[in-house]
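Beneath this line is the structure, given in structure tokens, with notes to follow.
The values are calculated or read from the model by the stated rules, or taken from the named source; none is laboratory data. Everything quoted here is computed from the prediction, not taken from an experiment. Here the Cβ is made from the backbone with ideal geometry for all residues, glycine too, and neighbour counts use every protein chain on show. Protein only, heavy atoms only, side chains kept; ligands, DNA and RNA dropped before computing areas. Shrake-Rupley method; radii C 1.70, N 1.55, O 1.52, S 1.80 Å.
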Amino acid sequence: MAKTLMLYFLTGSGKTVNLSVNDPKEPLNGDEIKSAMEQIIAADVFEAKGESLAAVKEARLVDRNVEIFPMS
């Protein structure tokens, strides 16, 4: 089982940009996630096609199970 936290931001022109965090610490809290996303925006260290991140859009926790079938 693999979990990924997907963070979605908006640029100044309204385009959506996402960052993914593999195996995020748990338990997750919506307020903490939003605060971390706001800190990422304030640090202004990421760009998407020359645009800075401007606003928090949403966050998603993706839980994925992978089953491998032996082929021998």
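Taking the accessible area of the chain, probe 1.4 Å, and keeping the other protein chains in place, the carbon and sulfur fraction comes to 51%.
Here each label is just a point 7 Å from Cα along the line to Cβ, and for LYS34 and ALA55 those points are 1.4 nm apart. A Cβ-based charge dipole, computed about the Cα centre of the chain with Lys and Arg at +1 and Asp and Glu at -1, lands at about 200 debye.
Where does each of ILE41, ILE68 land when they are ordered by accessible area, with a 1.4 Å probe and the largest first? It would help to have the intermediate numbers written out before the result.
Details: ILE41 35, ILE68 140 Å².
Largest accessible area first, the list is ILE68, ILE41.
Of the trypsin sites (Lys or Arg not before Pro) found in the chain, those in coil by DSSP whose Cβ has at most 15 other Cβ atoms within 10 Å are LYS15, LYS25, LYS49. Specify the angular offset, from 0 to 90 degrees and rounded to the nearest 10, of the alpha carbon long axis of helix 30-43 from the longest principal axis of the alpha carbons in the chain. The answer is roughly 50 degrees. Could you tell me the distance between the Cα centroids of the range 43-67 and the range 1-32, to the nearest Å? With the range 43-67 and the range 1-32 each reduced to a Cα centre, they are spaced 5 Å.
Per-residue ellipticity at 222 nm, computed for the chain from helices alone with -39500 (n - 2.57) per DSSP H run of at least four residues, works out to -6500 deg cm²/dmol. Among the GluC sites (Glu not before Pro) within the chain, those in coil by DSSP and having at most 10 neighbouring Cβ atoms inside 10 Å are GLU67. One equal scatterer on each Cα of the chain, no solvent, Debye formula: the resulting log10 I(q)/I(0) at q = 0.13, 0.17, 0.25 Å⁻¹ is -0.45, -0.66, -1.13. Solvent-accessible area per residue in the chain equals 76 Å², computed with a 1.4 angstrom probe and all protein chains kept. Residues whose amide H lies under 5 Å from that of PHE46, counting only those 5 or more places away or on a different chain, are LEU53; hydrogens are built 1.01 Å from N in the peptide plane. Rolling a 1.4 Å probe over the protein chains gives VAL62 an accessible area of about 60 Å². Where in the range 4-36 is the amide nitrogen less than 16 Å from a point lying 7 Å along the Cα-to-Cβ axis of ASP63? Under 16 Å, as judged by backbone N against the label point of ASP63, lie 4-6, 23-30 of the range 4-36.
In the chain, a dipole from Cβ-located charges (positive for Lys and Arg, negative for Asp and Glu) runs towards its positive end, and of MET71, THR16, ILE41 it is MET71 whose Cα lies farthest in that direction. Show which aspartates and glutamates lie in cross-link reach of LYS3 when reach means a straight Cα distance below 17 angstrom and same-chain residues fewer than eight apart are skipped. Within the straight-line limit of under 17 Å, LYS3 reaches these aspartates and glutamates: ASP23, GLU26, GLU58, ASP63, GLU67.
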